[in-house]
Amino acid sequence: MELSPSPTSLIRRLSRLPLFPRLLFAGGSALLLAAVAKVAVALVGGGDVPVALLEFVFVGTPGVALAYTGLRLPESEIHQEQYPRVLGWVLGGVLLMYGFILLRALHPAVAVQWSIGTQVIAVTIGSLGGLAVGIQETKANTRREQLRARTEELKEREAELERKNEELERFASVLSHDLRNPLSVAQGNLGLAREDADSERLKTVADAHERMATLIEDLLTLTRQGDAIRDMESVELGALATACWENVATAEATLSVETADTIRADRDRLQQLLENLFRNAVEHGGEDVIITIGTVGGGFYVADDGPGIPPEDRDRVFENGYSTARQGTGLGLSIVRQVAAAHSWEIDVTESEGGGARFEFSGVEFA
């Protein structure tokens with residue numbers, strides 16, 4: 001809203017107001033004008049100026065509040081269908097003030113003058129008080145309704161999530177049984193065939209079988225592990241990295257452990273993260289790549305001296321299926337991202353000191 005609107009813009013704004021805010025503005029403006037007129041008459045006609053100023057405070061100030069509220073009410077969180085409820089509170093406040101004055105008038109020991117000033121003050125205080133209560137009450141109702149709608153939305157999302165989890169479980173079952181079993185049969189028969197007469201073509205088949213098995217394992221990890229964290233415990237990062245290194249086909253690659261720190265993590269999930277980072281480094285950095293694991297302030301890193309990751313690809317490497325290696329499944333770094341998210345860790349991909357890739361994890365709790 002303009003701080004000092006022109007008369008034309010103010011008239012245009014008033015013409016767009018709904019009925020109830022327009023009435024509030026008109027009533028407040030009338031009270032303000034009456035208060036100003038009272039002071040003007042007192043000053044010109046030699047009346048009681050202090051009394052006039054006091055009435056100005058009692059009548060003019062609430063008048064400004066009512067006019068301003070009417071002007072800004074359509075911009076508030078109170079919907080137009082709530083206006084009758086606010087109006088009811090305003091009328092209720094006025095009736096309450098008149099009822100109070102009436103009870104005072106009925107008291108035999110109290111003399112009450114029903115002057116115009118008394119009635120104006122009663123209307124002003126009652127309407128302003130009722131308006132304040134009505135606005136707060138309708139705001140509370142609005143927030144309550146928003147909370148109810150949000151709760152329903154969360155329930156729907158929870159139901160949808162449960163449905164997707166059931167689908168993932170069925171998918172994992174297909175991977176585990178319907179694909180693993182025939183693959184095992186194929187690998188067994190291939191092994192027997194290679195004992196009789198090995199060839200380059202059979203080796204190609206064996207490589208394809210191995211890639212299928214890796215793909216199935218990665219998919220099972222993604223579908224069954226999800227974002228679950230089972231048991232947080234104190235884990236020696238360097239010792240676990242050394243153990244993970246023994247589980248990965250590392251060829252002539254080298255692991256350099258530059259940390260003796262202990263962190264809080266789910267050991268099994270952290271093992272998945274490290275093993276996938278090691279495989280990724282060997283696949284993309286070459287068989288003689290040097291991999292370093294160490295700690296920094298608030299976290300740890302895994303770096304290599306391979307070709308690195310171009311800056312424009314650093315956000316894409318965690319996408320399912322994204323891989324630049326011929327034998328890669330494109331799921332290893334997706335698992336890394338999933339494990340990090342499950343621990344509420346942040347991942348930053350940068351360039352290592354050796355010019356390779358550096359995966360840095362922050363938000364890690366040290367034991």
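The values are calculated or read from the model by the stated rules, or taken from the named source; none is laboratory data. The structure presented is a predicted model; accordingly, all values stated were derived computationally and were not measured. Cβ: placed from backbone, ideal geometry, glycine included. Neighbour counts: every protein chain shown.
Some values worked out for this structure:
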quantity: Tally of residues being surrounded by fewer than 20 Cβ atoms within 10 Å (Cβ to Cβ) and under 23 Å from THR350 (Cβ atoms) across the stretch 256-271; calculated: 5
quantity: Unmet criterion (only one of (1) out of contact with any Lys or Arg (no Cβ under 8 Å at 6 or more places or on another chain); (2) surrounded by 19 or more Cβ atoms within 10 Å (Cβ to Cβ); (3) modelled with pLDDT of 90 or more) for VAL302; calculated: (1)
quantity: Members of the stretch 340-354 that are out of contact with any strand residue (DSSP E or B) (no Cβ under 8 Å at 6 or more places or on another chain) and touching a residue at least 24 places away in the same chain (Cβ under 8 Å); calculated: ALA341
quantity: Residues that are under 16 Å from ILE121 (Cα atoms) and modelled with pLDDT under 75, drawn from the stretch 39-53; calculated: VAL51, ALA52
quantity: Among the residues listed as GLY60, GLY27, GLY47, GLY70, the single one being outside any helix (DSSP H, G or I) and touching a helix residue (DSSP H, G or I) at 6+ places or on another chain (Cβ under 7 Å); calculated: GLY47
quantity: Only one of GLU77, GLU55 that is touching a residue at least 60 places away in the same chain (Cβ under 8 Å), surrounded by 15 or more Cβ atoms within 10 Å (Cβ to Cβ) and either outside the structural domain of GLY126 (by TED's automatic domain parsing) or not hydrophobic (A, V, I, L, M, F, W, C) (or both); calculated: GLU55
quantity: Residues that are at pLDDT below 90 and either in contact with a Lys or Arg (Cβ under 6 Å, 6 or more places away or on another chain) or within 18 Å of GLY238 (Cα to Cα) (or both), drawn from the stretch 343-367; calculated: ALA367
quantity: When residues of the stretch 315-342 are limited to those that are modelled with pLDDT under 85 and basic (Lys, Arg), the one surrounded by the fewest Cβ atoms within 10 Å (Cβ to Cβ); calculated: ARG326
quantity: First in the stretch 145-169 and surrounded by 10 or more Cβ atoms within 10 Å (Cβ to Cβ), second anywhere and part of a helix (DSSP H, G or I), Cβ under 7 Å, 6 or more apart; calculated: LEU168/THR223
quantity: Subset of the stretch 186-218 (residues that are among the aliphatic types (A, V, I, L, M), part of a helix (DSSP H, G or I) and out of contact with any Leu (no Cβ under 8 Å at 6 or more places or on another chain)); calculated: ALA186, LEU192, ALA208
quantity: Single unsatisfied condition, MET1 versus (1) at pLDDT 75 or above; (2) more than 23 Å from GLY130 (Cα to Cα); (3) assigned to a loop (DSSP other than H, G, I, E, B); calculated: (1)
